[in-house]
Amino acid sequence: MADITALQPGQGTRTGDVYLSSQPDQVLWGYVPNVHTAPVTRMRSGQTITIDALSHEGILEDQGRNPVEYFGSYGVTEIGVLDDAKVIAAEYNRTPRDFVKDGPHVVTGPVFVEGAEPGDVLKIETLEAIPRVPYGVVSSRHGKGALARAKDGGPPAGITLEEVMPPISTDDRDNPDPTHRGNVSVFTAIEDGKGVMPVGSSGQVRFPLRPFMGMMGVAFSRDPNPTSDNSNSIPPTLGGGNIDIRHLGPGSTFYLPVFAPGALFYVGDPHMGMGDGEVALTAMEGSLRGTFRLTVCKKGSSDAPSVAYSYPFAETADAWIPIGLSDPDGAVGGQVSDLNVAMRRAVVNALDYLEHDRGMDRTTAYAYLSAASNFSVSQVVDRTVGVHGQIYKDHFA
């Protein structure tokens with residue numbers, strides 16, 4: 001591969017009023033903030049912030065914890081590897097992580113937004129999402145994903161052991177040493193604004209990129225008196241987090257209920273492209289520079305959709321997006337990974353929005369959703385699974 005350069009921390013155009021990089025004292029690795037986590041920066045409501053988000057791919061234990069060597073194996077020279085990836089990998093090598101229990105994500109923040117109080121809504125407008133490197137990685141690891149083995153080692157319901165993916169023999173998933181456990185990763189170059197993967201010995205599949213942050217959230221803790229940053233980064237919650245909805249790129253708005261003073265906003269899990277479902281475990285993971293406008297919507301106001309004061313909600317230029325999660329309180333009483341639960345909650349949230357914000361009779365709204373809206377699986381790989389709907393704005397013109 002020809003020499004490529006990376007959008008290093010602090011370099012290039014940063015359009016936000018505030019800038020935040022992903023240095024060791026500005027991130028959590030594998031965890032999201034709780035309501036007592038100290039903020040790493042502050043901003044006023046209505047200001048913008050540019051964040052250099054860092055992908056975990058290339059720095060994980062099963063990839064050697066050395067991004068220069070890992071990406072070098074795919075022909076990327078050292079100038080094409082992000083400096084913050086090198087620093088994070090080296091810093092955390094001095095303090096080993098629990099690869100089994102910890103989440104994989106590098107989480108940047110939290111950001112204190114002045115004026116935000118519990119009961120308010122934080123309105124998050126994504127203004128930009130720019131790839132920091134011209135490549136990404138899609139990984140399946142250790143029998144996770146839509147076609148994972150069951151906990152007893154057998155096939156999950158509905159498929160045979162031969163249909164488990166990736167094939168059991170390919171990723172050494174039972175190795176007790178996580179640094180040697182292996183993974184099945186597909187290095188994906190970016191060419192002319194598209195992701196490129198090999199097909200056979202000489203062909204290619206090319207697909208459009210849709211950069212977005214898989215993780216945008218505010219501090220939320222299932223424990224009312226948390227004493228440490230102990231919320232795993234994998235499952236999404238009422239505070240958002242690893243929500244993995246592919247429509248939340250530039251031009252979108254994401255609304256989250258606030259649970260802590262200052263909201264304590266964070267981002268992570270940057271994606272260059274993802275299909276609904278995220279079936280193989282990861283999207284096309286790759287570091288992004290994102291710019292966001294953060295605005296506080298005060299409790300009881302009509303500045304945010306009514307649903308958003310108690311549950312995540314989103315919109316794009318074309319659609320309102322009600323969201324349903326199978327286990328939004330953070331696995332209190334045990335993890336629930338049931339798409340039926342997520343689907344029902346997405347429909348209820350859609351009905352609440354149509355009734356309370358658009359003035360529709362609830363029975364008519366139920367019929368309308370069946371006739372004219374779409375409900376899609378957001379992801380099936382984050383323990384707490386998700387469904388999102390699309391209610392199209394031009395129907396209400």
By the C-alpha gyration tensor axes a ≥ b ≥ c (rounded if a/c is under 1.5, else prolate when a/b exceeds b/c, else oblate), the shape of region 1-83 is oblate
Per residue, how many Å² of accessible area does region 119-162 show with a 1.4 Å probe?
44
Charge dipole of the chain built from unit charges on the beta carbon (Lys, Arg +1; Asp, Glu -1), centred at mean Cα; most positive-end Cα among VAL267, VAL385, ALA346 is ALA346
Hey, what's the Cα Rg ratio for region 161-285 versus the globular rule of thumb, 2.2 N^0.38 Å?
1.32
Residues with amide H under 5 Å of THR237's amide H, sequence separation 5 or more or different chain, H placed in the peptide plane at 1.01 Å from N; which?
ASN242
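Over the chain, what relative contact order in percent results from Cα pairs under 8 Å that are six or more residues apart?
Answer for the chain is 22 percent.
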Given a cut-off of under 8 Å on Cα pairs at least six residues apart, what relative contact order in percent is computed for region 186-327?
24
Karplus (6.51, -1.76, 1.60) ³J(HN,Hα), θ = phi - 60°, over region 208-220, in Hz, Gly and Pro reported as x:
x, 7, 9, x, 6, 8, x, 10, 9, x, 10, 4, 8
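Between ASP329 and LEU161, what FRET efficiency comes out of the Förster formula 1/(1 + (r/R0)^6) with R0 = 35 Å and r the beta carbon distance, rounded to 0.05? Don't skip to the end; give the middle numbers.
Details: r = 34 Å, r/R0 = 0.97.
With a Förster radius of 35 Å, E is 0.55.
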Using θ = phi - 60° and Karplus 6.51 cos²θ - 1.76 cosθ + 1.60, couplings along region 233-244 (whole Hz; Gly, Pro as x):
7, 6, x, x, 9, 4, x, x, x, 7, 6, 6
Degrees between helix 339-356 axis and first principal axis of the chain (Cα, 0 to 90, nearest 10)
40
Angle between the chain longest axis and helix 83-93 axis [Cα atoms, degrees, rounded to 10]:
80
Residue by residue through region 71-80, what is 3J(HN,Hα) from phi via Karplus (6.51 cos²θ - 1.76 cosθ + 1.60, θ = phi - 60°)? Round to whole Hz and write x for glycine and proline.
6, x, 5, 9, x, 8, 6, 4, 5, x
Degrees between helix 362-372 axis and first principal axis of the chain (Cα, 0 to 90, nearest 10)
40
Measure of size requested: the Rg and Dmax of region 23-171, with Cα atoms as the atom set and Å as the unit; please supply both.
19.0, 55
Select one label from [x] 142; [y] 153; [z] 177: the one whose number is volume of the Cα convex hull per residue in Å³ as derived from the coordinates shown.
[y]
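Roughly what % of DSSP beta bridges within region 36-194 run antiparallel, to the nearest 5?
Around 65 percent antiparallel, to the nearest 5.
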Taking alpha-carbon centroids only, region 340-365 lies from region 296-330 a number of Å equal to 12
Using the reciprocal of the averaged 1/r over all distinct C-alpha pairs, how large is the Kirkwood radius of region 230-291 in Å?
13.2
Could you pull out every residue, at least 5 positions away or on a different chain, whose amide H is within less than 5 Å of the one on ALA319? Hs are placed 1.01 Å off N in the peptide plane, and Pro or chain starts have none.
LYS393
Compute from the Cα atoms of region 114-230 the Rg and the Dmax, the latter being the longest Cα-Cα distance, and quote both in angstrom.
20.2, 57
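The values are calculated or read from the model by the stated rules, or taken from the named source; none is laboratory data. Predicted, not measured: the structure shown is a model, and the values here were computed from it. As a convention, Cβ positions derive from the backbone with ideal geometry for all residues, glycine included, and neighbour counts pool all protein chains shown. Only protein heavy atoms, including side chains, enter the accessible area calculation; ligands, DNA and RNA are left aside. Shrake-Rupley method; radii C 1.70, N 1.55, O 1.52, S 1.80 Å.
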